[in-house]
Amino acid sequence: MQYKLVFVGFGNVARALARLLVRKQAVLEKEYGITFSVTGIATGKHGFAVREGGLDIQKALKLVEEGESISPLSEAPVKDSLEVIRKSRAEVMFENSPVNHSTGQPAIDHVRAALEAGMHAITANKGTVVHGYRELTALARSRGRKFLFESTVLGGSPVFSVFREAMPAAELLSFRGVLNSTTNIILSRMEKGETFDQAVKYCQSIGVAETDPSADVDGWDAAIKVAALVTVLMDLPCLPQQVERQGIRDIKPEDIKQAAAKGRRYKLVCSAERKGDKVSARVRPELVPVSDPLYGMEDSTTGVAFRTDVLGDYSIIESEREGMVAGPEPTAYGLFADFVNAVKRGD
Ligand SMILES: NC(=O)c1ccc[n+]([C@@H]2O[C@H](COP(=O)([O-])OP(=O)(O)OC[C@H]3O[C@@H](n4cnc5c(N)ncnc54)[C@H](OP(=O)(O)O)[C@@H]3O)[C@@H](O)[C@H]2O)c1
């Protein structure tokens, strides 16, 4: 079947997804009978474009990467993202606009509009999950469509789909892990002798930390991921503001040296524990001993151990493969997998 796709947000993640779709075109068709065209793209400052017969993806990639507008590719004038979604007449919408920690907007409106127009909505945007999970999931169900967000936690590694597909009726009791790779890289580099500022600069130079690194170093990114896991996997609505949160700014090189002398290291530990219909959730630096599974998670490695009522502790770890440069590709793969999983059955 031919699927029309619309991209809302065409930044690092969405462009990596576009490239991945092109790279996997043959296998998609051969194994799943899926072909696709991109009928709409919306950006913040690089314009909007719709074309029912399909936009030229390579041209769109080139224009955005050269800082140009994609609007000349459009067959009709379009003024905003919601209009792009409606006019694209797509079957699948990918929402990859910047995350808004406090409200989830405007991404929630984009997902709602797509579902209302009968599209599957797939996103890497954590704001849609912590601020809109119940509403958007109910809306998707009522339309016979999917709202999927695998890439919001642990890059593209399967977490939500493991619980959804492979662990029916398992009750999640608690989890503990390292969910933010930027702070983990910073702590690892400080252990090797860099100052906090040098380590932050390094993260900025490889594109994993933003110019203002506070969302990472103050624990907000980790807190929103904890909130997403609690909201979805424990089915208890949880906002990032409800997660007890402490970042890594106060950790000094001397603290790290002293810890190392005792065979310990700092990790920004993310955890949550269910107590009846309540949850205690936190993000805070902890000193972990060599015997702790988190001790070995260095640099950009992230991972989480889940305790359920049915299995022994079950861990998912994503570590950088040798030769693989940190970037948006794993996140793009999570979106790609959600797309295939959304359309491969039922449609
Ligand atoms: N980067 C990662 O590895 C990663 C990992 C997991 C999750 N995520 C999540 O994935 C999403 C995208 O991340 P990214 O790294 O691709 O960000 P990015 O490079 O900053 O791209 C954001 C895109 O959204 C566009 N945009 C801004 N405001 C918009 C609006 N109101 N409507 C439509 N589009 C809008 C931007 O357009 P302009 O450039 O024209 O302003 C840009 O195309 C974020 O929610 C992020 O938290 C990212």
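The values are calculated or read from the model by the stated rules, or taken from the named source; none is laboratory data. On a predicted model such as this, the values are computed, not experimentally measured, just so you know. Don't worry about glycine lacking a Cβ; one is built from the backbone with ideal geometry, like all the others, and counts go over all protein chains shown. To get the accessible areas, we keep the full protein, side chains included, count just its heavy atoms, and leave off ligands, DNA and RNA. Shrake-Rupley method; radii C 1.70, N 1.55, O 1.52, S 1.80 Å.
When residues of the stretch 288-320 are filtered for being without any contact (Cβ under 8 Å) to a residue 60 or more places away in the chain, open to solvent by 80 Å² or more (accessible area, probe 1.4 Å) and among the charged types (D, E, K, R), how many remain?
Count: 2.
Restricting the search to the stretch 25-46, which residues are away from the ligand (no atom under 16 Å from the Cβ), assigned to a loop (DSSP other than H, G, I, E, B) and buried (at least 16 other Cβ atoms within 10 Å of the Cβ)?
Hit for the stretch 25-46 is 34, nothing else.
Give the residue, chosen from 269, 340, 243, 279, that is more than 16 Å from the ligand (Cβ to nearest atom) and under 30 Å from residue 29 (Cβ atoms).
340
If the Cβ limit is 8 Å and pairs must be 6+ apart or interchain, which residue in the stretch 13-34 that is on the phi > 0 side of the Ramachandran plot pairs with which residue that is surrounded by fewer than 19 Cβ atoms within 10 Å (Cβ to Cβ)?
33/1
Looking only at the stretch 47-72, how many residues end up being open to solvent by less than 40 Å² (accessible area, probe 1.4 Å) and away from the ligand (no atom under 14 Å from the Cβ)?
3
Tell me, which residue of the stretch 144-154 that is within 16 Å of residue 125 (Cα to Cα) and touching a strand residue (DSSP E or B) at 6+ places or on another chain (Cβ under 6 Å) is farthest from the ligand (Cβ to nearest atom)?
So, considering only residues that are within 16 Å of residue 125 (Cα to Cα) and touching a strand residue (DSSP E or B) at 6+ places or on another chain (Cβ under 6 Å), the one farthest from the ligand (Cβ to nearest atom) is 146.
Of all residues in the stretch 77-101 being part of a loop (DSSP other than H, G, I, E, B) and in contact (Cβ under 8 Å) with a residue 40 or more places away in the chain, which is farthest from residue 238 (Cα to Cα)?
89
Looking at (1) over 11 Å from residue 178 (Cβ atoms); (2) in contact with a Cys (Cβ under 6 Å, 6 or more places away or on another chain), which is the one condition that is false for residue 283?
Residue 283 satisfies every listed condition except (1).
Go through the stretch 110-143 residue by residue and tally those that are away from the ligand (no atom under 14 Å from the Cβ) and among the hydrophobic types (A, V, I, L, M, F, W, C).
7
In the stretch 327-334, is there at least one residue being at pLDDT 95 or above, aromatic (Phe, Trp, Tyr) and either farther than 30 Å from residue 21 by Cα or open to solvent by less than 90 Å² (accessible area, probe 1.4 Å) (or both)?
no
State all residues of the stretch 188-219 that are without any contact (Cβ under 8 Å) to a residue 24 or more places away in the chain, farther than 22 Å from residue 98 by Cβ and aliphatic (A, V, I, L, M); if no residue qualifies, say none.
Residue satisfying the conditions is 199 alone.
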